[in-house]
1. Name the single residue that is modelled with the highest pLDDT among those in the range 9-33 being over 24 Å from the mean Cα position of the chain (by Cα) and more than 20 Å from residue 61 (Cβ to Cβ).
2. Is it the case that residue 40 is under 14 Å from residue 15 (Cβ atoms) and touching a residue at least 40 places away in the same chain (Cβ under 8 Å)?
3. Which condition breaks for residue 96 when tested against (1) part of a helix (DSSP H, G or I); (2) surrounded by 10 or more Cβ atoms within 10 Å (Cβ to Cβ); (3) at pLDDT below 75?
4. Just checking, how many residues over the range 56-93 are surrounded by 11 or more Cβ atoms within 10 Å (Cβ to Cβ) and without any contact (Cβ under 8 Å) to a residue 40 or more places away in the chain?
C-alpha cells in the first residue's frame with residue numbers, strides 16, 4: 001500500500017520493507033494470497049518471493065536485514081577474491097620444478 005493515501009500502489013512503485021511485511025501479514029490470517037495480490041496490485045510470485053526473504057520478520061526486526069545483506073555480499077566477494085588468489089598461486093611454478101638439471 002502506498003504510504004500517503006493508504007491505497008494500492010500502481011505498477012512501478014516501490015514498496016518499503018515495512019509495506020512488504022505489512023502485505024505478508026495480511027496474507028497470513030486466512031486471507032487468500034490471490035485476494036491480497038489483487039488488493040495490492042502485485043503478482044502472487046512477488047508475494048511468495050518476498051515471503052522467502054521477509055517471512056517471519058516483524059517491522060521492528062527489519063533494521064537488521066539490510067546490514068546483514070551488505071555483510072553477506074562483502075563476505076561473498078572476499079571468498080571469491082581469495083579463491084581466485086588460491087587458483088593463481090597453484091599455477092605459479094615452484095622453485096624445485098625450475099631447477100631441473102639438464103642432461
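The values are calculated or read from the model by the stated rules, or taken from the named source; none is laboratory data. Keep in mind it's a predicted model, so treat the numbers as computed, not measured. Backbone-built Cβ (ideal geometry, glycine too); neighbour counts: all protein chains shown.
1. Selected residue: 32.
2. no
3. Result: residue 96 fails condition (2) only.
4. Result for the range 56-93: 3.
Residue-by-condition table, conditions (1) over 17 Å from residue 21 (Cα atoms); (2) modelled with pLDDT under 80; (3) assigned to a loop (DSSP other than H, G, I, E, B):
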| residue | (1), (2), (3) |
| --- | --- |
| 47 | no, yes, no |
| 53 | no, yes, no |
| 57 | no, yes, yes |
| 67 | yes, no, no |
| 73 | yes, no, no |
| 76 | yes, no, no |
| 79 | yes, no, no |
